[in-house]
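Worksheet: the structure to be examined is printed underneath.
The values are calculated or read from the model by the stated rules, or taken from the named source; none is laboratory data. From a predicted model like this one, the values you see are computed outputs, not experimental measurements. For neighbour counting, all protein chains shown are included, and Cβ atoms are generated from backbone atoms with ideal geometry for every residue, glycine included. SASA here: full protein model, heavy atoms, side chains in, ligands and nucleic acids out. Shrake-Rupley method; radii C 1.70, N 1.55, O 1.52, S 1.80 Å.
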Amino acid sequence: MREVTPKKIREMKGREKITMVTAYDYPSALLADRAGIDIVFVGDSLGMVVYGDENTLNVTMEQMVFHTRAVARAVKRALVLADMPFSSYEVSVEEGVRNAVRLIQAGADAVKIEGGTDHEKLVKKLVRMGIPVIGHTGLTPQRYLRLGGYRIMGETEEEIEEILRDAKALERAGAFAVVLEFTLADVAKLVTEEVSIPTIGIGSGPWVDGQVLVWHDVLGIYENSPPFAKRYANLNEVIIKALKDYNREVKVGEFPSGEHYWEYQDKEDFERKAKDVLKRLNL
């Protein structure tokens, strides 16, 4: 069992801020774990930042299992959280259970499900089976068509009520935390105060129990990122410069230099061996 468990995450509420970052492959997960991140999250955001889709709706269970397995191999300390992709749990509780089991068997320590009240039965069933669950309310990207796009949530009484109702339903069902995405900070603060489980915000202000960001946004891989994300590096420029330098050096013959390859010290020995080989091959 990894050092960071669902029990530890739950106990961090009000005591220590929780850090969570997405990772979709072995090297990214390895670095996140070494950096001390609490939760390494295999998010369905991979559909957009890894596969180039416009939204997350085309992500499949096969993709999630594939990426979860790679991440799980790398992480030794942090909690590995895997997303339940669109259409993997909405049809029935039974289908949701089957797909959650697949992610756990791929190496995840817990699964994340978008929505609250609508999936209370599924969350309760999974928890009873021993599968830890994190919920997700506020902006739920898998429902962006119904929501009218990617927009900030909590501006109306109805939205505040829905977000709070979802969070309470998740708490009641046994989820050990809930993600609040792109929610007005005042609303996120209210939810944080009203539930006993940790709230992990993304674009939802400082008054939550933790924060989550996408790997590519943190490191500045792409030129554009969401308005709520902070760049802690600009790897876009660093990577492009490195590749340009490599391209130039190969073109002009600077790479590889002597330190990057090996050759026979005894040239006569090589010539003798090469001559014998060519003779056998009739060349």
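Some notes on this structure:
- Residue within the range 64-74 that is over 22 Å from P226 (Cβ atoms), within 12 Å of the chain's Cα centre (by Cα) and among the hydroxyl-bearing types (S, T, Y) present: yes
- The number of residues in the range 217-241 being out of contact with any Gly (no Cβ under 6 Å at 6 or more places or on another chain), open to solvent by 30 Å² or more (accessible area, probe 1.4 Å) and not β-branched (V, I, T) comes to 11.
- Qualifying positions in the range 154-186 - open to solvent by less than 10 Å² (accessible area, probe 1.4 Å) and in a helix (DSSP H, G or I): I163, A167, A169, L170, A173
- Within the range 203-231, being farther than 24 Å from A167 by Cβ, part of a loop (DSSP other than H, G, I, E, B) and β-branched (V, I, T) holds for one residue alone: I221.
- Of all residues making up the range 110-142, the number that are open to solvent by less than 40 Å² (accessible area, probe 1.4 Å) and acidic (D, E): 2
- Test: residue in the range 263-276 that is part of a helix (DSSP H, G or I) and within 30 Å of G220 (Cβ to Cβ): no
- Listed by first and then second residue, the pairs linking a residue in the range 221-249 that is over 19 Å from G52 (Cα atoms) to a residue that is of a type in the set (D, E) and open to solvent by 60 Å² or more (accessible area, probe 1.4 Å), with Cβ atoms under 8 Å apart and 6 or more places separating them unless they lie on different chains, are R248/E254.
- When L278, L213 are screened for being touching a residue at least 24 places away in the same chain (Cβ under 8 Å) and open to solvent by less than 100 Å² (accessible area, probe 1.4 Å), only L213 passes.
- Criterion applied to E94, E11, E16, E90 was being without any contact (Cβ under 8 Å) to a residue 40 or more places away in the chain, over 26 Å from V195 (Cα atoms) and among the acidic types (D, E), and the one residue passing it is E94.
- Test result for V250, hydrophobic (A, V, I, L, M, F, W, C), within 36 Å of the chain's Cα centre (by Cα) and over 30 Å from V218 (Cβ atoms): yes
- Yes/no for V4 being assigned to a strand (DSSP E or B), under 20 Å from G107 (Cα atoms) and open to solvent by less than 20 Å² (accessible area, probe 1.4 Å): no
- Count of the range 242-273 residues which are loosely packed, with under 11 Cβ neighbours inside 10 Å and among the aromatic types (F, W, Y): 2
- Of all residues in the range 68-87, those that are within 20 Å of I18 (Cβ to Cβ) and aliphatic (A, V, I, L, M) have Cβ atoms under 6 Å from Cβ atoms of residues that are open to solvent by 10 Å² or more (accessible area, probe 1.4 Å) and assigned to a strand (DSSP E or B), 6 or more apart or on another chain, in L81/F41.
- Among (1) within 23 Å of L31 (Cα to Cα); (2) surrounded by 12 or more Cβ atoms within 10 Å (Cβ to Cβ) - the single one V208 does not satisfy: (1)
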